[in-house]
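Chemist: The structure is given below, and queries will be raised subsequently.
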Amino acid sequence: MSDSWRGVIAALLNPDLRTVMAEAMAGPPLTTARRERAVARLAELGLVRETDDGLVFADTLLRGILTDSPVVKATGPARFLDGAGRIDRFPVHDSDRRELLAWVVAQAFEPGEVLSEKQTNERLVRFTDDVAVLRRYLVDVELLERTRSGSEYALVGSEA
């Protein structure tokens, strides 16, 4: 499930955005009975309260929803992946980059495999469209190595 609901709730908490939404959603006037039912339902939900000055938006419920559902920040390699599990950016810090690349290697390669460049690219394309950059990073951090012939790749330390 996406976190887009957080933006909707935040918009409902912003008075300016609420005003514009009210303008955009305004429909024909309600009958007295329908308006009373709508007010009663909104009050029951905790979204409005009646005061001597009329109806007032009550933000306590919405603020509570945001507080009860804190943003869960991704950790590890997931920090650098998009919603489809593909790399959306390479980390700036070497330790973070190495962690991401080690994760890629663990997902894409088996010890002892020797793959052609084409096969290697086919394994890496699920992580990024720029397989050449990813392959180069893997070689640079010595997780992947080119075989002596230069035409094949294997995990570093594999019996290639």
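Chemist: Which residue, of Val131, Val141, is touching a residue at least 24 places away in the same chain (Cβ under 8 Å) and over 17 Å from Ala74 (Cα atoms)?
Modeler: Working: Val131 fails: touching a residue at least 24 places away in the same chain (Cβ under 8 Å).
Of the residues listed, the single one that is touching a residue at least 24 places away in the same chain (Cβ under 8 Å) and over 17 Å from Ala74 (Cα atoms) is Val141.
Chemist: Right, another one. Can you name the residue in region 63-83 that is at pLDDT 90 or above and among the hydrophobic types (A, V, I, L, M, F, W, C) and, of all such residues, is surrounded by the fewest Cβ atoms within 10 Å (Cβ to Cβ)?
Modeler: Ala78
Chemist: Follow-up. Please identify the pairs in which a residue from region 18-31 that is more than 15 Å from Phe57 (Cβ to Cβ) has its Cβ atom under 9 Å from the Cβ atom of a residue that is among the hydrophobic types (A, V, I, L, M, F, W, C), counting only partners at least 6 apart or on another chain.
Modeler: Partner pairs satisfying both residue conditions: Leu30/Ala38.
Chemist: Taking the conditions exactly as written (surrounded by 14 or more Cβ atoms within 10 Å (Cβ to Cβ), in contact (Cβ under 8 Å) with a residue 24 or more places away in the chain and either over 30 Å from Asp16 (Cα atoms) or not small (Gly, Ala, Ser) (or both)), does Pro91 satisfy them or not?
Modeler: Details: surrounded by 14 or more Cβ atoms within 10 Å (Cβ to Cβ): yes; in contact (Cβ under 8 Å) with a residue 24 or more places away in the chain: no; either over 30 Å from Asp16 (Cα atoms) or not small (Gly, Ala, Ser) (or both): yes.
Considered against the rule, which asks whether it is surrounded by 14 or more Cβ atoms within 10 Å (Cβ to Cβ), in contact (Cβ under 8 Å) with a residue 24 or more places away in the chain and either over 30 Å from Asp16 (Cα atoms) or not small (Gly, Ala, Ser) (or both), Pro91 comes out as no.
Chemist: From the residues in region 43-59 that are open to solvent by 70 Å² or more (accessible area, probe 1.4 Å) and free of Cβ contacts under 8 Å to residues at least 12 places away in the same chain, which one is nearest to Asp82 (Cα to Cα)?
Modeler: Filtering first and then ranking leaves Glu44.
The values are calculated or read from the model by the stated rules, or taken from the named source; none is laboratory data. This is a predicted model, so every value here is computed, not measured. Glycine also receives a Cβ, built like all others from the backbone with ideal geometry; neighbour counts cover every protein chain displayed. These area figures cover heavy atoms from the full protein model, side chains too; ligands, DNA and RNA do not enter into them. Shrake-Rupley method; radii C 1.70, N 1.55, O 1.52, S 1.80 Å.
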